[in-house]
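The values are calculated or read from the model by the stated rules, or taken from the named source; none is laboratory data. Owing to the predicted nature of the structure, the values given are computational and were not obtained by experimental measurement. FYI the Cβ positions are ideal-geometry reconstructions off the backbone, even for glycines, and counts take in every protein chain you see. Quick note on the areas: whole protein, heavy atoms, side chains included, nothing else; ligands and nucleic acids left out. Shrake-Rupley method; radii C 1.70, N 1.55, O 1.52, S 1.80 Å.
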Amino acid sequence: MESFGKAVWAHPSDFGDRERARRMAERLSDAGFDLVIPCVKDTRGYLAYPSEVGKMDPKLEGDPLGVLVEEMGRAGLKVHPWMCVFPEGEGSALLEGNPELSALDPDGKPLGWACPRRDEVRSYELELYREVSGRYDVAGVHLDYIRYAGPQMCFCPTCRREFRERTGRDLVELDRRDPEWADFLVWRAEPVTKFVEELRRAMGRSEISAAVFPGYPDCVVSVGQDWADWARRGLVDFIFPMTYTNSPLLVVGYTRNHLAQVGGKVPVWEGLGKRSSQSQLSAEVLREQVEAARCAGAQGVVVFHYGALEDVDLEMLREVG
């Protein structure tokens, strides 16, 4: 029987210096974890390492990612640096000099995101991935926010012009009752998937994992994220659906759907929210959810997030796998 994978998402506050990174490595190694996913580009656009491409978070010092990679390597854990791909807020080196690359809502207001349809945007985000994979000894990279912000994105001049050229319709006038709406869904998801294709080519044999919305195919409609297509085509190596709920019953149902969507092409590790905006789990309920995902066929779990894991949680997780 294959082993059951265990991973955790972590923030810079968890590993910002050598002592915290070493302690994290010790705790996770003792609990039998396989993979750590440290956030190195947040939704503001700031980075958690000294970069020649973007801007490091001014509240951080030294090289937090470098220290983490070293400590995890000593403990035998893999690392997938995690980037929030298309959000570009106050710390964005990209939008600071190129505000025209901003994603806009129907009223023309910036959303704090960059437009995935712009080649310059995808090139910038790809260069960040190249930087971390080339500089650090990591097993792979992690995709998050690899989508649109929601139905109100994107209505920038480029998106409106290209859709008008394709259909003769203006995006701001489109309604889901229109015949063109089905074509719009395909068109809208194209640049998001294109970035995943570009990253796959750039990473070669390095692993790519992706945090994705749990509701498929609804997420194609709401945020242009067609992760089942990525999995079936081998563009990613792991799918981590963010199944944040207090209900083990829902974990079972979601897991079965996720496995059906990928058709065995890639492993599915269910993302469980120990502490998230949608869930707050005791150690007992976390155990129930881990077992629910496992019994439903998931190949592993990813816990959000390290800072919420107490010793009792890790003791429980030690027994899994």
Counting only protein heavy atoms and rolling a 1.4 Å probe, one gets per residue an accessible area for region 47-154 in Å² of 40
About its Cα centre, region 13-78 carries a charge dipole, from +1 on Lys and Arg Cβ atoms and -1 on Asp and Glu Cβ atoms, whose size in debye to the nearest 20 is 120
If amide H atoms are modeled at 1.01 Å from N in the peptide plane, then the residues at a separation of 5 or more from Val303, or on another chain, having amide H under 5 Å from its own are Ala7, Val8, Trp9, Leu272
Ranking Leu60, Phe4, Val186 by how far each Cα lies towards the positive end of the charge dipole of the chain (+1 on Lys and Arg Cβ, -1 on Asp and Glu Cβ), the top one is Val186
Label model pair Gln152, Glu120: point-to-point distance (7 angstrom along the Cα→beta-carbon line) in nm is 2.5
antiparallel share of DSSP beta bridges within the chain, to nearest 5, in %, is 15
Over its alpha-carbon atoms, region 112-266 yields an Rg and a Dmax in Å of 16.6, 50
Counting all Cα-Cα pairs in region 206-272, those more than 15 Å apart amount in percent to 46
Long-range amide H partners of Tyr145, meaning residues 5 or more apart or on another chain whose placed amide H is closer than 5 Å, are Val85
Taking r as the C-beta separation of Glu310 and Glu288 and R0 as 22 Å, the FRET efficiency to the nearest 0.05 is 0.85
The ³J(HN,Hα) series, computed from each phi in region 312-321 with the Karplus coefficients 6.51, -1.76 and 1.60 at θ = phi - 60°, rounded to the nearest Hz and given as x for glycine or proline, is 5, 5, 5, 4, 5, 5, 4, 7, 9, x
About its Cα centre, region 176-321 carries a charge dipole, from +1 on Lys and Arg Cβ atoms and -1 on Asp and Glu Cβ atoms, whose size in debye to the nearest 20 is 360
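Summarise the accessible area of the chain (1.4 Å probe, protein heavy atoms) by the percent that is carbon and sulfur.
Carbon and sulfur together cover 47 percent of it.
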Excluding near-sequence neighbours (fewer than 8 apart on one chain), the chain holds lysine pairs with C-alpha atoms under 28 Å apart numbering 21
One finds, for Phe213 and Cys295 with R0 = 25 angstrom and r their Cβ-Cβ distance, a FRET efficiency to the nearest 0.05 of 0.65
Of Ala149, Ala189, Ala260, the most mobile residue in a GNM of the chain (C-alpha springs, cutoff 10 Å) is Ala260
Taking the chain and counting helices only, DSSP H stretches of n ≥ 4 at -39,500 (n - 2.57) each over all residues, the nearest-500 ellipticity at 222 nm comes to -12500 deg cm²/dmol
Quick calc, the chain, dipole around Cα centre from Cβ unit charges on Lys, Arg (+) and Asp, Glu (-), nearest 20 debye, gives 540
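In the calculated pair distance distribution of region 104-204, what percentage of Cα-Cα distances lie above 20 Å? Don't skip to the answer; put the middle values down first.
Working: 2230 of 5050 pairs.
Here the tail beyond 20 Å accounts for 44 percent of pairs.
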The Kirkwood hydrodynamic radius of the chain, taken as the inverse of the mean 1/r over all distinct Cα pairs, in Å, comes to 20.2
Given all pairs of distinct Cα atoms, region 7-139 yields a Kirkwood Rh in Å of 15.4
